[in-house]
Amino acid sequence: MFSLKNIQFPHFIKAAATHFKTDYPKFYKMDNLSKLALLSADILLKGNDKNEDTAILLFNRASSLDSDRKHQAAISDPENFYPSPSVFVYTLPNICIGEICIKHHLHSENAFFVFDTFNPKHLFFNADYLLKQNKATQALCGWVDFDDKNYEAFLYLVSENGIIAHQQEEIERIYHSHKSKATND
Amino acid sequence: MTELKNELKEKIIDILNLEDLFISDIDDNDALFGDGLGLDSIDALELIVMLDRDFGIQLTDPKEGKEVFKSISVLAEYIAEHRTK
């Protein structure tokens, strides 16, 4: 769909946002995790009929560590204590969900979980619960992780009209097949 | 004063991550908030931090901030009058 090799994240995400015509005034003001999450979500939600009743379930390993480190660096010197408000607001991982909701006008349930590794079991059960309990008509789910120079986004949309069965094994299979493809590329 | 205005424009573009915007794109009298540059409340907080860190000016009255951040011209005049560094 889009690839650039040997390029640092800021250049990659800017090129990707331009390529996918991601139009969001706040895009360059967001932290790295939010940029990654919003761009990935945008690709999926753009081709989808507008549906305010879309839940969001995201998981990662590093939480908001990238922004946490920047904030820590800004407050570590008592003689030069100037925390940045625009960095501080991103020192929670679920803020990236808020950005997606604002851009796509989503008003349903959302949650952000932190696990050591990709967790298809929790992804499956949480999405399945929301849909079966009629808490949402579709769910945007996935893994969005950003830590130092490593980043990874794997998102998918679950709805009644999907073409792949919503099963834990399928989530695991698709994730690992994409991960191995990305590693080989 | 022109030098200070350009310095402020550079700082605003850099600190607020106004991607693809250049000094020449900002008019001295453009509104910083609302219809002008479209800055938001978090940007306002960043500008307050910048005034303190770079010019030694501490804004404590929100009403004062609303007036000071009207445009680059107004901000530059305020800084020239009140700066301690």
| request: Please identify, among B:PHE69, B:PHE22, B:PHE55, the residue showing maximal mean-square fluctuation in a Gaussian network model of chain B using a 10 angstrom Cα cutoff. | output: B:PHE22
| Of A:ASP23, A:ASP147, A:ASP31, which has the largest mean-square fluctuation in a 10 Å C-alpha GNM of chain A? | A:ASP23
| field | Net charge dipole size for region B:2-82 [Lys, Arg +1 and Asp, Glu -1 on Cβ; Debye, nearest 20] | value | 240
| MRE, 222 nm, helices only [DSSP H, n ≥ 4, -39500 (n - 2.57), over the protein assembly as shown, to nearest 500] | -14500 deg cm²/dmol
| request: Would you tally the net charge around A:LEU131, using a Cβ to Cβ cut-off of less than 12 Å, leaving A:LEU131 out, and scoring K and R as +1, D and E as -1? | output: -2
| said: Out of the GluC sites (Glu not before Pro) in region A:81-180, which ones are loop residues according to DSSP with at most 16 other C-beta atoms within 10 Å? | reply: A:GLU160
| Are there trypsin sites (Lys or Arg not before Pro) in region A:16-52 that DSSP puts in a loop and that have at most 13 other Cβ atoms within 10 Å, and which ones? | A:LYS21, A:LYS50
| request: Could you grab the relative contact order for chain A? Cα pairs under 8 Å, six or more apart, rounded to a whole percent. | output: 26
| Roughly how crowded by other chains is peptide A:85-92, in terms of the mean Cβ count from those chains within 10 Å of each of its Cβ atoms? | 3
| For the protein assembly as shown, what class follows from the C-alpha gyration tensor (a ≥ b ≥ c being the square roots of its eigenvalues): rounded when a/c is under 1.5, otherwise prolate if a/b is larger than b/c, else oblate? | prolate
| remark: Percent antiparallel among DSSP beta bridges confined to the protein assembly as shown, rounded to 5, stands at 45
| message | Can you give me the distance in nm between label points at A:LYS21 and A:GLN133, each placed 7 Å from the Cα along the Cα-to-Cβ direction? | response | 3.9
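Every number in this text was worked out from the coordinates using simple rules, so none of it is lab data. Since the model is a prediction, treat every value here as computed from it, not as a measurement. Quick reminder, even Gly has a Cβ in these numbers, built from the backbone with ideal geometry, and neighbours come from all protein chains shown.
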